[in-house]
1. Being in a loop (DSSP other than H, G, I, E, B), of a type in the set (Ser, Thr, Tyr) and either more than 30 Å from Ile40 (Cβ to Cβ) or touching a strand residue (DSSP E or B) at 6+ places or on another chain (Cβ under 7 Å) (or both): is that true of Ser274 here?
2. Would the stretch 208-223 turn up any residue that is on the phi > 0 side of the Ramachandran plot and touching a residue at least 12 places away in the same chain (Cβ under 8 Å)?
3. Considering only the stretch 1-26, how many residues are without any contact (Cβ under 8 Å) to a residue 40 or more places away in the chain and in a loop (DSSP other than H, G, I, E, B)?
4. Could you check Ser260 against (1) out of contact with any Leu (no Cβ under 9 Å at 6 or more places or on another chain); (2) within 29 Å of Ile69 (Cα to Cα); (3) surrounded by fewer than 19 Cβ atoms within 10 Å (Cβ to Cβ) and say which number it fails?
5. crowded, with 16+ Cβ neighbours inside 10 Å, hydrophobic (A, V, I, L, M, F, W, C) and not assigned by TED's automatic domain parsing to the domain that holds Asp164: which single residue out of Ile69, Ile92 fits that description?
6. Which fully enclosed helices (runs of 4 or more DSSP H) of the stretch 120-225 have 3 or more residues being under 16 Å from Ile261 (Cβ atoms) and in contact with a His (Cβ under 8 Å, 6 or more places away or on another chain)?
7. Taking the condition more than 17 Å from Glu130 (Cα to Cα), surrounded by 13 or more Cβ atoms within 10 Å (Cβ to Cβ), at pLDDT below 95 and in the same structural domain as Asp134 (by TED's automatic domain parsing), does Gly227 pass?
8. Residue pairs, Cβ under 6 Å, 6 or more apart or interchain, first in the stretch 242-268 and closer than 16 Å to His145 by Cα, second charged (D, E, K, R). List them.
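The values are calculated or read from the model by the stated rules, or taken from the named source; none is laboratory data. Since the structure is predicted, the reported quantities are computational estimates derived from the model, not experimental observations. So basically every Cβ, Gly included, is an ideal-geometry build from the backbone, and we count neighbours across all protein chains shown.
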Amino acid sequence: MITKMRDGITFELQEEFDFSFLSEYGKVFAVFDKQDSGYICFGVQNHYKKLFVKVAGAATVFSNISADIAITRLQSTVSIYQDLSYPTLIEIIEHKEIRGGYLTVFEWFEGDCMGRQYDDFEKFLELPVEKKFDVYHEILLFHIHANQKGYIALDFYDGCIMYDFASGETRICDIEFYAKRPVTNTMGRMWGSSRYMSPEEFQLGEEIDERSNVFLMGATAFQLFGGGKERNLDTWQANEVLFKIALKAVSMKKKDRYPSIGEYLQAWDKARKSSY
């Protein structure tokens, strides 16, 4: 393992890598080098704005894939971000090959990642219910948009949600595994956090479709409003009608779920407006 420094910011790698290209984008003010994705990411600031630079090719300390796979995967994400461009999706600005790797450049969002591995996870869960409703509404609208574009959400979890506690704005990030329909489970246990995954994402040969994403949205509701994988009313922070709607969404059998995220949202909004 080696320690590198860029603009006074230190980070660790398994092997040497040339990061001189970062000077094209500005001065490094933050680094994210502990992910297992195979990427290393930087917050960079120039005279005009801040940027988020994601790099594949460097041998990161906790990577569970090879550099070549990381490069190929990062290249494949470009078209996904372009296809699914949306106000709440982090905007991709640039992408290109670099010596020994590949990079993508995104807008910088002044918010915090809500993954439970991060410091602000508990703070996020303690938000007032009304603010959580706003966050959840944005998540639902984005995934309706993704389905309308022909995409199935895969590997979405709280680490894909960013929230600015000052402005109340929400952003979606890390959608690299989203895939165009049709999607079939060719792995058995697919990528993702089990807290969010539908039963068919554990079953080889099963189709992953919009009803699978309805399950995902229901599971997201339980993570936001209480219960998590337990999904019981005692820890649920919203009303009982909303609890039953979310519970239907996470039915083990596909046929028992809402047919689409749009229909789920209609039921959710109707129950919310009648009670709040």
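1. Judged against the criteria, Ser274 is not a match.
2. no
3. Counting residues in the stretch 1-26 that are without any contact (Cβ under 8 Å) to a residue 40 or more places away in the chain and in a loop (DSSP other than H, G, I, E, B) gives 5.
4. Failed condition: (2).
5. Ile92
6. Filter on the stretch 120-225 gives 210-225.
7. Yes: the conditions hold for Gly227.
8. If the second residue must be charged (D, E, K, R), the pairs left are Ser260/Glu210.
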